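The values are calculated or read from the model by the stated rules, or taken from the named source; none is laboratory data. All of these numbers come straight from a predicted model, not from anything done at the bench. Every residue, glycine as well, gets a Cβ built from its backbone with ideal geometry; the counts of neighbours run over all protein chains shown. These accessible areas exclude ligands, DNA and RNA; they are computed on the full protein's heavy atoms, side chains included. Shrake-Rupley method; radii C 1.70, N 1.55, O 1.52, S 1.80 Å.
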Amino acid sequence: MKTPHARAFSFGFACLLFVAGAAGGVMAAADAEVKAKADEPAKVKADAGVKAEAKVNAKAGVGVNAKADARVKAAQDLVRARTEAVGAEDAETLRARLLLAEALWEQGRTEEAEGMLHELLPLLTKVLGAEAPETLRCESRDLFARTTRAPDAEIEKAYRRLIAVMVRVLGPQDMNTLKARRGLASAQLALGKAAYAEREARKVLELLLRTVGDSDPEFLDCQVDIVLALSALGRKEAAETLCSGVVSKQKRLFAEDHPQLLRSRGALCGLLFDLKKLAEAETLLRGLVPDVVRVRGAEHAETLHYLSDLCRVLAAAGKLGEAEKEYRSLIPVKERVLGAESAETLDTRREFAQVLSAKGGKEEAVKEYRALLPAHEKTFGVEDARTLHICFSLASTLWELQRVAEALPYAQRALEGRTKALGKEHEETLMAQRLVEGLKG
């Protein structure tokens, strides 16, 4: 189950960056006068833009029930007003566009937000300067967007360079600097450097304790960063204890569908699954999914992730009939929304095939595995562990159907691939070895 590492990371931390950034002073020059070159009608429009911006920021600060769609509309109105008043690439218009990107992300329209941020960064650098606060915030957000798509070592280096500048320009305790450091921790976690991620998150937590206190939303959300790192390090019990405490405190601060609370609840569901507390995990997921649907929509990627988690919990709990039904509903939606050959969709189809096999539908499972094999080869490669897993599962299912001649080539392929990638003594290699020997015997 992927919730603690990937799911909660992408959902909650993104919300942290974009929502808190907007509320914490996204547009520092909101009350600046419109450039002298604008004529009087333009000034009227610009004044309207300033009022619209005040409305945007007011909505952002209403509290935990602020509506993302209202912020998007207000930000769009502000961008139009400033574009008409002073031009599309004026400093004030660029600041308004940054606010709009943040509002779009909060609303769940991440692809639009990412595209806007990527386009804005060079413009902000050119107009405001490379070390302007807005430019630094935009760069931090753009780095996070890159992290969620395809993390690599260069992103970690870019974060370190950015943080050094932010410490010098904004100060080490500035909230935007701390958010960038949390972004670094998240990038490290995505790169498999969980120990580094935990260490960085704890340093940020110490600063937050001194600046905002241990009941502040920022402090609690940073604790979830540590939860995810602990989970990745295999310290599941400690992670569950910490996460449960965070959820309890956040429930006193937030509505059930607040993005930060959704993130924490999702992380807790994943930990309960990992700890084999399946009944608790199922109960939490059945409460979580409707809240995510209300915030993100029925076909948003986050909603689909949590529906996948529910399917896994049901299957692990032996509720194969319910799991099969949920998988049959989920797969067509994933194919339409995420793509038929996306990793998420293929993972779900593989799990579905496993449920079919466990439930006794061996022939249908074989059909599904045969369809999955070329798709895995295309998406992941012929020697990828996931492709080899399909070979192994197909061979095993065919053997159960006593179709030995068909099964053997797939089992041998799994054995050869695992031996090459993992070595002869790895447990997965030994499993493939036993399967080949059984088929030959």
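For region 281-422, carbon and sulfur atoms together expose 55% of the accessible surface, with a 1.4 angstrom probe and every protein chain in place.
Rolling a 1.4 Å probe across the protein heavy atoms gives region 123-206 an accessible surface of 41 Å² per residue. Using a cut-off of 19 Å between Cα atoms, the listed pairs K362/K420; K319/K359; K157/K193; K277/K319; K319/K362 include K362/K420 as exceeding that distance.
Using 0.36 nm per residue and subtracting the Cα-Cα separation, the extra length available between E437 and E112 on full extension is 111.7 nm.
Distance from the Cα centroid of region 327-355 to that of region 158-199 is 34 Å (rounded to whole angstrom). Basic side chains Lys and Arg get +1 at the Cβ, acidic Asp and Glu get -1 at the Cβ, and with that the dipole of region 179-261 about its Cα centre reaches some 280 debye. By accessible area, using a 1.4 Å probe on protein heavy atoms only, region 70-217 has 52% of its surface on carbon and sulfur. Placing R0 at 22 angstrom, the Cβ-Cβ distance between E119 and R149 gives a FRET efficiency of 0.90 after rounding to 0.05. Remark: region 62-179 carries a charge dipole of roughly 240 debye about the Cα centre, counting +1 on each Lys and Arg Cβ and -1 on each Asp and Glu Cβ. For an R0 of 35 angstrom, estimate the FRET efficiency from the Cβ-Cβ distance between H426 and E335 and round to the nearest 0.05. Given R0 = 35 Å and the Cβ-Cβ separation, E is 0.60. Centre-to-centre separation between the Cα atoms of region 401-424 and those of region 112-141: 51 Å. Packing, taken as the mean count of other beta carbons within 10 Å per residue, orders the peptides 421-427, 327-333 from highest to lowest as 327-333, 421-427. In this simple spin-label model, placing a label point 7 Å from the Cα along the Cα-to-Cβ direction at both R202 and K126 gives a separation of 4.6 nm. For region 165-182, the Karplus equation 6.51 cos²θ - 1.76 cosθ + 1.60, evaluated at θ = phi - 60°, returns couplings of 5, 5, 4, 6, 8, 9, x, x, 9, 4, 4, 5, 5, 5, 5, 5, 5, 5 Hz by residue, with Gly and Pro reported as x. Which entries in the list K179/K236; K203/K251; K179/K325 go over 32 Å, if you measure between the two C-alpha atoms of each? Long pairs (Cα-Cα over 32 Å): K179/K325.
In region 298-390, taking the dipole from charged Cβ atoms about the Cα centre, the farthest positive-side position among A343, L330, A365 is held by A365.
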